[in-house]
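The values are calculated or read from the model by the stated rules, or taken from the named source; none is laboratory data. These numbers were taken from a predicted model, which means no experiment stands behind them. Positions of Cβ are generated from backbone atoms using ideal geometry, with glycine treated the same way; all protein chains shown enter the neighbour counts.
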Amino acid sequence: MKNLLALALVFYASCALAQTDSQKQWDQLVAAAQKEGKVVILGPPDQAVREGIPAAFKARYGITVDYIGGRSSESAAKLRAERQAGIYSLNTAQVKPEEIKTAQDLLNPKFKGKIVVHDPTVPGTGSNDAARLYVQFGEDYVKKLYIDQKPMILRDRRQITDALVRGAYPIALGAEDGDLERLRKEGVPLHFIYSLSDLPGSLSAGIGQAALFNHAPHPNAAKLFINWIASKEGLEVFARARGEAPTRNDIDALAFLPPESVPKPGVKYFDTYEWEFTLSTKEKIRARMGELLKQ
């Protein structure tokens, strides 16, 4: 009986020692993690998860979570491309705002592999950006930017934003303004550039245009809504929700937007919805960009 008791005491002592060691290792891990201050995770593109997980983890340990949402197949492909290029999460390399004063500065060799852009071969933001650069600077410029600079080309604005925020690609063309502005208010060191000395700002119709269909099932309600959304009240609600400047000048856009994203009177902007540019020029350049990227 005494031998069994001795064995039991040794066993319990060993368990207590193991628990002490485990707690010590855990405390050391927590301290080291808090010293790093940030973690990058890949997760599902679910808004509730995107908001809930980072908030709960930070509340528990005081560590910021950079949440990258997306489908697993897309995330895996992106990670493979980044790691082959020697780029890893938590890369803190940054670009100083004063390093980019002109569009030509984007061609600096030190930015090679550090730029993420929208796909210039598909309709939308990517082809708009490429067409505008092609018109103003010519084919040689876009070849240097979209080919020689080895940018990461993506079709999802959220992925572009995520790549910028976590530092994998410190320069982004076409990231989501609304998401970035919210992050900037939370303390993420981001700098927006809407115009350069050789590249004035641009105007766009934004996302979606108001239209009234004929033979609508509720024609009167449709007419009422189309008038309301164009009114000061309706357009301000939409502009605030989208984080974009409204077309009405009786709405105080500066009340909810950063000054640099609000068009200024007297400034000549590049109109990305100009008739000829939209119906002809842009599509020709989009096709040409497809040819260049296949070479």
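Data table
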{"item": "Segments classed as helices (runs of 4 or more DSSP H), wholly inside the stretch 110-166, with at least 1 members that are β-branched (Val, Ile, Thr) and touching a Pro at 6+ places or on another chain (Cβ under 8 Å)", "result": "139-143"}
{"item": "Selection count, the stretch 258-286, where residues are touching a residue at least 60 places away in the same chain (Cβ under 8 Å) and among the aliphatic types (A, V, I, L, M)", "result": "2"}
{"item": "Test: LYS101 is loosely packed, with under 10 Cβ neighbours inside 10 Å, closer than 22 Å to LYS144 by Cβ and either basic (Lys, Arg) or at pLDDT below 80 (or both)", "result": "no"}
{"item": "Within the stretch 214-295, helices (runs of 4 or more DSSP H) holding 1 or more residues that are touching a Pro at 6+ places or on another chain (Cβ under 9 Å)", "result": "232-242, 282-294"}
{"item": "Single unsatisfied condition, ASN227 versus (1) outside the structural domain of ILE153 (by TED's automatic domain parsing); (2) closer than 30 Å to VAL135 by Cα; (3) modelled with pLDDT of 85 or more; (4) more than 23 Å from the chain's Cα centre (by Cα)", "result": "(2)"}
{"item": "Qualifying residue in the stretch 172-185 (condition: closer than 16 Å to LEU293 by Cβ, of a type in the set (D, E, K, R) and either touching a strand residue (DSSP E or B) at 6+ places or on another chain (Cβ under 7 Å) or surrounded by 16 or more Cβ atoms within 10 Å (Cβ to Cβ) (or both))", "result": "no"}
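Residue by residue, here is whether (1) under 26 Å from ALA255 (Cβ atoms); (2) outside the structural domain of LEU235 (by TED's automatic domain parsing); (3) modelled with pLDDT of 85 or more holds:
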position: PRO151; (1), (2), (3): no, yes, yes
position: ASP156; (1), (2), (3): no, yes, no
position: GLY167; (1), (2), (3): no, yes, no
position: LEU180; (1), (2), (3): yes, yes, no
position: LEU183; (1), (2), (3): yes, yes, no
position: PHE192; (1), (2), (3): yes, yes, no
position: ALA210; (1), (2), (3): yes, no, no
position: PRO219; (1), (2), (3): no, no, no
